[in-house]
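The values are calculated or read from the model by the stated rules, or taken from the named source; none is laboratory data. It should be emphasised that the depicted structure is a prediction, and the values quoted were computed from it without experimental measurement. Positions of Cβ are backbone-derived with ideal geometry, glycine not excepted, and every protein chain shown enters the neighbour counts.
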Amino acid sequence: MKNNLFHHFFDNSTQISCNFDSDWCNFTPNVYFTRYTGVSPSITSGPTEDRTGDGFYALCNGKLLLDPNEKCLFYQNVSLLVDTDLKFWYHMSGVHIGTLEVILNETNVVWSLTGKQKNEWIQAEIILPAGDYSLAFSANRSIYGRSSCDIALDDLNLKGQPYIKGIFYIDTMICQYYIYLGKLVKNQVNRHYFNQF
Ligand SMILES: [Ca+2]
């Protein structure tokens, strides 16, 4: 019986493990982002291969950005029950490199980096807040040119923790518990969950 209760009150946060090798995972790209393999179109910017050597990566093809206000962008909706670690790899090498941003709900920039970086894949790590929102990666070029501004992304990982909610009947008392990261935590009685029985 207890197992059944646990089963009914089990929720998962969004999980992302995306290497772009076969598809966009659950991301939706705009026309300026493309999955690419091998040497990027710009000789003087961008990676020569994906992060692990023989797969695909997400490429912001700077040559397509005729207007410097245009942005490469891909996004997906996420649901996180607790603050969650997001890791990703970026490649930003070139004299016309613009800005790479991680944006929540289209306006909330939670990570940003501008300008030429080392000519290699570099890992970034941020904590995303709990909640339901759109998660977007956005890239552009500098205003000074579009011949050396390819920005690439690869190996995105968002490991949402499983979150188990349960209600136990203990004699005449009703208690609600959360199991979070392996620890049992007692919480206040919540009539909403009780009414789901
Ligand atoms: Ca890849």
Legend entry - Candidates Thr52, Thr14, Thr48 - the one that is among the β-branched types (Val, Ile, Thr) and under 20 Å from Ala130 (Cβ atoms): Thr14
Legend entry - Test: Thr34 is more than 10 Å from the ligand (Cβ to nearest atom) and farther than 20 Å from Arg141 by Cα: no
Legend entry - Residue in the stretch 43-51 that is more than 12 Å from the ligand (Cβ to nearest atom) and among the hydrophobic types (A, V, I, L, M, F, W, C) present: yes
Legend entry - Test result for Ser22, within 12 Å of the ligand (Cβ to nearest atom), assigned to a loop (DSSP other than H, G, I, E, B) and farther than 15 Å from Tyr90 by Cβ: yes
Legend entry - Residue count, the stretch 47-77 (criterion: at pLDDT 95 or above and either under 21 Å from the mean Cα position of the chain (by Cα) or under 26 Å from Ser13 (Cα atoms) (or both)): 17
Inset, instruction - Would you confirm whether any residue within the stretch 93-106 is within 16 Å of the ligand (Cβ to nearest atom) and in the same structural domain as Trp24 (by TED's automatic domain parsing)? - result: no
Legend entry - Odd one out for Cys18 among (1) hydrophobic (A, V, I, L, M, F, W, C); (2) in contact with a strand residue (DSSP E or B) (Cβ under 6 Å, 6 or more places away or on another chain); (3) modelled with pLDDT under 95: (3)
Legend entry - 1 or more residues modelled with pLDDT of 50 or more and among the small types (Gly, Ala, Ser): qualifying strands (runs of 3 or more DSSP E) within the stretch 124-197: 131-141, 151-159, 162-170
Inset, instruction - Check whether at least one residue in the stretch 57-77 is surrounded by 14 or more Cβ atoms within 10 Å (Cβ to Cβ), assigned to a loop (DSSP other than H, G, I, E, B), within 14 Å of the ligand (Cβ to nearest atom) and charged (D, E, K, R), and report yes or no. - result: no
